[in-house]
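Here is the structure we will look at.
The values are calculated or read from the model by the stated rules, or taken from the named source; none is laboratory data. Every value quoted in this text rests on a predicted model; they were computed, and no experiment measured them. All Cβ positions, glycine included, derive from the backbone under ideal geometry; neighbour counts span all protein chains shown.
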């Protein structure tokens, strides 16, 4: 495997690690939570 | 497609709910968190007749539907919210045959929510020992349900329970207590305002002390002209409700249950007399703690060393087998080393939770809480905080995880925040080398100064944890009720299956939750230490070979490693922070050690070995010899003016820095997991490291 391919693989791995950390630390995609209780159709009854 | 029904297991703590859950689901279970909070959510699948599958959810133990903790509010939130995907088609209330009267309170409340409810009377194998006999037919008739008499220990009654769950549609939905019996006028007003709704559900929403995540109780007050009562009046009505329920239960049990005390053979009182004794109780407990500490600190080292050696061999194999290059190095030194760094925590976690599960399962943990609560309360901690605080001396990661069984959120949080102050085993390599370097030989009362220093560091760590807990208790404004209500369950021989499942579940949690973060940070740190800008880094081989042409190949390689590390990104960071760490008595080389040891404290020694050009010390087979080489090289290190880098002042400063600083990304990752927020681990990082910085600076400035 040539040096350049090895370097590309390193940067891809680093990118994945950084993306994972950013998503964990800084930006977290919000999950859609089903609304249980609302004025017109309250789920608590 | 097979049909699936939702089954909720509900009951008081210590009724064997989890044993019933394990018996029903076997290994078809998974543990997670409820969204937004750190309360375990256990779910599993059980196959019933005619291809029907039961999705079983093991709800946290609760004494009643009057919530006073996060765990309890989870139960109520689910039972009040028909739109929740886990809303039960059938509720299975688990009771303990020895505490039927108290356990039936929640049964009557759930029945009043008009959810089909099955009653499980668990631990039926103890009926003979306790002289208890039950008239099941009568109880079924009075409680208007079906009863399964179960013994998970003897594996009795589980098939009958599955049968009852399959036939849940035949169960009656009639309530046990009519709301109008509590206060006719109030409930008639409520019915008028909300004509089509369940009065008991409304009543629960109005009277709960906790803030629900999904249910907005203000809506009830906003959308109607119904005038609710004052808080004290509501409390009075709640009390009346409880009295009414117990009157009902007493009447049922008067005929349905007989207890013949003469035929009861009970060791419990005798055991309690010893285990909660004000001298023997503490001695036995500290003996058990010692054993636990020994297991985590000593016994765990055998499998840990094996795992460590396994990953080292794997890394070597990868390096020798794959083509040379940056990615191969990343695999060997970053990813495999990072994975090894995660896996080595499995044995201490497994050992600690093995002990905790045994103590919980046997019923002894409640006695510990009873013994310790009085002392720990003064510092804002719980009796159960003793386990994390002591086991933190081995490793903070399982210790932080062990705080999960503390009921009060405030006490749990304080325990999590202060536990990393205790002296974990990762600090030892740093302590050993620095103490050997700067503390003079000699002894006091036959104990060497070096041993005394080490002991002082352990004491300082523990006292700081306790003192910080005291301060945090004063400043944290968290509304969290803490009662001294502790149940003393019967002593039982722990169920092997439950113990194994606890150990597996906790280990899995660490590896898959915190492990991912640790691996990602390991990769980033490897990159920062292995890459650098400019010619000084990229041309290190030529520079060293041209500067030192007569040195041996091994010595040249050591110098190349040093040169590369110095000019890597992490080296640049070390040099950048030098002005900030100068007042503490550290140079940029120590700065690099501080940065890399954020991965784990023990990395400090390895980094210094590389930076002082003794990379080959890692290849020395004898660990003591390697340490001695590093120590000698550190002792020779001087500044440009000829003064020594490692003096008593800088050494003590470094020891104190490592005693207090949060130099462990794995701990931060697990604190994030356990508090479900980055706020607390970040506060912990800033506070601990800030405190360490100030203390180390004061020590250096005084001693220099």
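Scanning for something in a helix (DSSP H, G or I), modelled with pLDDT under 70, loosely packed, with under 13 Cβ neighbours inside 10 Å and more than 14 Å from chain A (Cβ to nearest Cβ), does the stretch B:263-284 turn up at least one residue?
yes
Looking at (1) more than 14 Å from every other protein chain (Cβ to nearest Cβ); (2) modelled with pLDDT of 85 or more; (3) farther than 21 Å from residue B:121 by Cα, can you tell me which one residue B:78 breaks?
Looking at each condition in turn, residue B:78 falls short on (1).
This table checks each residue for (1) within 14 Å of another protein chain (Cβ to nearest Cβ); (2) part of a helix (DSSP H, G or I); (3) touching a strand residue (DSSP E or B) at 6+ places or on another chain (Cβ under 6 Å).
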residue	(1), (2), (3)
B:318	yes, yes, no
B:324	yes, no, no
B:328	yes, yes, no
B:333	yes, yes, no
B:336	yes, yes, no
B:347	no, yes, no
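Residues in the stretch B:391-404: is at least one away from chain A (no Cβ under 14 Å), touching a strand residue (DSSP E or B) at 6+ places or on another chain (Cβ under 8 Å) and under 29 Å from residue B:657 (Cα atoms)?
Scanning the stretch B:391-404 turns up at least one residue that is away from chain A (no Cβ under 14 Å), touching a strand residue (DSSP E or B) at 6+ places or on another chain (Cβ under 8 Å) and under 29 Å from residue B:657 (Cα atoms).
Go over the candidates B:478, B:459, B:435, B:471 one by one and state the one that is in a helix (DSSP H, G or I) and in contact (Cβ under 8 Å) with a residue 12 or more places away in the chain.
B:435
Restricted to the stretch B:658-704, and to residues that are outside any helix (DSSP H, G or I) and more than 14 Å from chain A (Cβ to nearest Cβ), which residue is surrounded by the fewest Cβ atoms within 10 Å (Cβ to Cβ)?
So the residue we want is B:704.
Sort through B:561, B:600, B:520, B:529 and tell me the only one that's closer than 24 Å to residue B:326 by Cβ, at pLDDT below 85 and not in a helix (DSSP H, G or I).
Details: B:561 fails: not in a helix (DSSP H, G or I); B:520 fails: not in a helix (DSSP H, G or I); B:529 fails: not in a helix (DSSP H, G or I).
None of the others qualify; the one that does is B:600.
Among (1) farther than 20 Å from residue B:601 by Cβ; (2) at pLDDT 80 or above, where does residue B:480 come up short?
Failing condition for residue B:480: (2).
Report every pair of residues separated by at least 6 positions or lying on different chains whose Cβ atoms are under 8 Å apart, first residue within the stretch A:9-35 and more than 7 Å from chain B (Cβ to nearest Cβ), second part of a helix (DSSP H, G or I) and at pLDDT 90 or above.
As it stands, the answer is none, since no pair meets every condition given.
If you go through the stretch B:316-330 one residue at a time, do you hit one that is surrounded by fewer than 15 Cβ atoms within 10 Å (Cβ to Cβ) and at pLDDT below 85?
No, the stretch B:316-330 contains no residue that is surrounded by fewer than 15 Cβ atoms within 10 Å (Cβ to Cβ) and at pLDDT below 85.
From the residues in the stretch B:81-100 that are farther than 17 Å from residue B:203 by Cβ and within 14 Å of chain A (Cβ to nearest Cβ), which one is modelled with the highest pLDDT? Can you show your working first?
Of the stretch B:81-100, the ones farther than 17 Å from residue B:203 by Cβ are B:83-100.
Then keep just the ones that are within 14 Å of chain A (Cβ to nearest Cβ); that gives B:83-87.
Details: B:83: 80, B:84: 83, B:85: 86, B:86: 87, B:87: 91.
The qualifying residue modelled with the highest pLDDT is B:87.
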